[in-house]
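Beneath this line is the structure, given in structure tokens, with notes to follow.
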Amino acid sequence: MGSTMDERQTREAAAAEQVATRVRRARAAQAVAGQYDQAQLDAMVFACGWAIMEPSRNRRLAELSVRDTGLGNVEDKVTKNHRKTLGLLRDLKGAVSTGVLAEIPDLGMTEIARPVGVVCAVVPSTNPGATPANNIINALKCGNAIILSPSPKGISTARLLLEFIHQALDSVGAPRDLVQMLPEPVTKELSRELMRQCDLVVVTGSQANVRAGYSSGTPALGVGAGNVAVIVDASADLADAAARIMRSKTFDNATSCSSENSVIIVDAVYDAMLAALAAEGAVMLTADEKATLGHTMFPDGQHLSSAVTAQSVPRVCEVAGLSRPALSQARCLMVEETGTGPSHPFSGEKLSPVLAVYRASGFDHAFSILRDIYAYMGNGHSCGIHTKDDAHVDRLGREMTVCRVIVNQAHAIANGGSFDNGLPFSLTMGCGTWGRNGFSENLNYRHFMNTTRVVRPIAPREPSLEEIFGDHWARHGRG
């Protein structure tokens, strides 16, 4: 026992020193960037944006990511790297992130943007290129340094990304130590130590990592579990809904936490919607095929197997032993489901091109199913609806415990920001207190800055009791 304890303490001490070395370098570099004006910060931002978007570099990152993680597919990762970075740069172009943010003369206040310091970014294997690039650009926009903690499978992609980023920083005369990663191999001890020593933790990925971030003692921005469900009501444009659901569900083999996991279809359009999904390449499994797939996807009855995560339909069928010819030609596999919760694992997140289908008697029933799904998994994240009925949209917005309601859109494309909606481009979606998170927005550059308020005296604004309580006294008396 003593030997084991000694070995652990030795590992922890070594990790602390390795991390401390990088953090010292990061703080020295950040002291330089913290003095940059807006033009200098933006020069870094756009240099690093082009570092991932330049077509040959983008493709190298995508190919390496798929090769070494075994997750997703190259063409969709190329699209994701390009689209997410382009959208982020659109959001950042012209945005003020240093100096005076606002002058408010009536309140005697001046708001000044300040860096947070050194950021720890824990990034997942599902997006080992786009997610760290997003974090790097947001951090640099505000004059911070950032140190990546990549997943073991994503280390090679992170290493190549940093090579490109460092070349970009060289081109604008900025210190390379503004962007670093943990030494290889990246261990849990190193990641935890980085969380403790930095100034802000940003975690995208597993709930274990998110909980570690929130318990690190450092201010943290972590995300909740995804498990997106969408409703198709009787007023929906079924062909459009099917096309959008399938585009989202199959993108990058469903690596996104915003990919639809369940669709709830009202009875009046159930058969027609299934036909529309079939026309888009979805195939419904038989009861026996569903059982076979379930044993493979959830070998212990609840937890998703990595063997199917972010795999293509042919690969899922091969792993599960599903041999019906129509299945291997499908873009997506559908399973009919009636229940929710641990005894119905298909009601949870599947991270694969597998879609659970629920039949609802009407919108009230569909809403009830939706709530039951999120009570099991995905609370706080986001839901969707395909409809022409604004009352149904309004009910979701007012009553569902989610931070985003995506209306008539491809959910995985829209949820992290899109060129045809108003959400900030991001790969990290806060889930609010419902998802046990400290923020409810799409992660953006404002989360990477502190705001100092200079407060000057103004004329007194003290109200009389009559101004405050007059209406209350008139209605309820002074008792």
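The values are calculated or read from the model by the stated rules, or taken from the named source; none is laboratory data. These numbers come from a predicted model, not from an experiment. Don't worry about glycine lacking a Cβ; one is built from the backbone with ideal geometry, like all the others, and counts go over all protein chains shown.
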Please find, within segment 284-319, the residue that is surrounded by the fewest Cβ atoms within 10 Å (Cβ to Cβ) out of those that are of a type in the set (A, V, I, L, M) and either more than 29 Å from Ser65 (Cβ to Cβ) or not assigned by TED's automatic domain parsing to the domain that holds Glu337 (or both).
-> Ala287
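Give the residue, chosen from Thr69, Thr98, Thr110, Thr85, that is among the polar types (S, T, N, Q) and within 17 Å of Phe425 (Cβ to Cβ).
On the way: Thr69 fails: within 17 Å of Phe425 (Cβ to Cβ); Thr98 fails: within 17 Å of Phe425 (Cβ to Cβ); Thr110 fails: within 17 Å of Phe425 (Cβ to Cβ).
Of the residues listed, the single one that is among the polar types (S, T, N, Q) and within 17 Å of Phe425 (Cβ to Cβ) is Thr85.
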Working only within segment 420-470, note down all residues that are surrounded by fewer than 10 Cβ atoms within 10 Å (Cβ to Cβ) and either part of a loop (DSSP other than H, G, I, E, B) or not aliphatic (A, V, I, L, M) (or both).
-> Asp420, Gly422, Arg456, Pro457, Ala459, Pro460, Arg461, Glu462, Pro463, Ser464, Glu466, Glu467
Quick one: Gly477 ticks every box in (1) more than 19 Å from Thr110 (Cα to Cα); (2) surrounded by 11 or more Cβ atoms within 10 Å (Cβ to Cβ) bar one, so which box is it?
-> (2)
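Any chance you could count how many residues in segment 368-412 are assigned to a helix (DSSP H, G or I) and either among the aliphatic types (A, V, I, L, M) or over 20 Å from Ala225 (Cβ atoms) (or both)?
First, the residues of segment 368-412 that are assigned to a helix (DSSP H, G or I): 368-376, 390-399, 411-412.
Right, trim to either among the aliphatic types (A, V, I, L, M) or over 20 Å from Ala225 (Cβ atoms) (or both) and you get 368-370, 373, 375, 390-399, 412.
Summing the residues that are assigned to a helix (DSSP H, G or I) and either among the aliphatic types (A, V, I, L, M) or over 20 Å from Ala225 (Cβ atoms) (or both) in segment 368-412 gives 16.
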Please state which of the following conditions Val66 fails to meet, knowing it meets all the rest: (1) part of a helix (DSSP H, G or I); (2) touching a residue at least 12 places away in the same chain (Cβ under 8 Å); (3) not acidic (Asp, Glu).
-> (2)
Which numbered condition Met181 misses (of (1) touching a residue at least 60 places away in the same chain (Cβ under 8 Å); (2) in contact with a Lys or Arg (Cβ under 9 Å, 6 or more places away or on another chain); (3) not hydroxyl-bearing (Ser, Thr, Tyr)) = (1)
Name every residue in segment 175-191 that is in a loop (DSSP other than H, G, I, E, B) and either surrounded by fewer than 22 Cβ atoms within 10 Å (Cβ to Cβ) or touching a Phe, Trp or Tyr at 6+ places or on another chain (Cβ under 8 Å) (or both), in order of residue number.
-> Pro175, Pro183, Glu184, Pro185, Val186, Thr187
Does any residue of segment 364-372 turn out to be buried (at least 21 other Cβ atoms within 10 Å of the Cβ), modelled with pLDDT of 95 or more and at positive phi?
-> no
Is it the case that segment 63-78 has a residue that's more than 21 Å from Ile413 (Cβ to Cβ), crowded, with 20+ Cβ neighbours inside 10 Å and among the acidic types (Asp, Glu)?
-> no
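Among the residues of segment 74-124, what is the count of those that are assigned to a strand (DSSP E or B) and among the charged types (D, E, K, R)? It would help to see each step written out before you state the result.
If we filter segment 74-124 for residues that are assigned to a strand (DSSP E or B), which is where we start, we get 99-104, 109-115, 118-123.
Then keep just the ones that are among the charged types (D, E, K, R); that gives 103, 111, 114.
Number of matching residues: 3.
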Hey, could you check segment 143-167 for residues that are more than 14 Å from Leu194 (Cβ to Cβ) and crowded, with 24+ Cβ neighbours inside 10 Å and say which is modelled with the lowest pLDDT?
-> Gly154
Can you tell me which residue in segment 320-338 is surrounded by the fewest Cβ atoms within 10 Å (Cβ to Cβ), limited to those that are of a type in the set (A, V, I, L, M, F, W, C) and closer than 17 Å to Leu274 by Cβ?
-> Ala326
Scan segment 381-408 for residues that are surrounded by fewer than 21 Cβ atoms within 10 Å (Cβ to Cβ) and within 17 Å of the chain's Cα centre (by Cα) and jot them down.
-> Val405
Quick one: Arg359 ticks every box in (1) assigned to a strand (DSSP E or B); (2) within 22 Å of Leu304 (Cα to Cα) bar one, so which box is it?
-> (2)
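Considering only residues that are surrounded by fewer than 20 Cβ atoms within 10 Å (Cβ to Cβ), in contact with a helix residue (DSSP H, G or I) (Cβ under 8 Å, 6 or more places away or on another chain) and within 21 Å of Ala31 (Cβ to Cβ), which ones fall in segment 198-221? Give the derivation first.
The first filter runs over segment 198-221 and keeps only residues surrounded by fewer than 20 Cβ atoms within 10 Å (Cβ to Cβ), leaving 199, 206-208, 211-212, 214-215, 217-219.
So of that shortlist, the ones also in contact with a helix residue (DSSP H, G or I) (Cβ under 8 Å, 6 or more places away or on another chain) come out as 212, 217-218.
Passing the criteria: only Thr218.
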Would segment 401-411 turn up any residue that is within 30 Å of Arg211 (Cα to Cα), at pLDDT 95 or above, in contact with a strand residue (DSSP E or B) (Cβ under 9 Å, 6 or more places away or on another chain) and hydroxyl-bearing (Ser, Thr, Tyr)?
-> yes
Restricting to segment 255-270, what's the tally of residues that are in contact with a strand residue (DSSP E or B) (Cβ under 9 Å, 6 or more places away or on another chain) and in a helix (DSSP H, G or I)?
-> 3
State which residue pairs qualify: first residue on the phi > 0 side of the Ramachandran plot and in the same structural domain as Glu260 (by TED's automatic domain parsing) and inside segment 387-406, second residue loosely packed, with under 14 Cβ neighbours inside 10 Å and not in a helix (DSSP H, G or I) in any location, beta carbons under 6 Å apart, and separation of 6 or more residues or different chains.
-> none
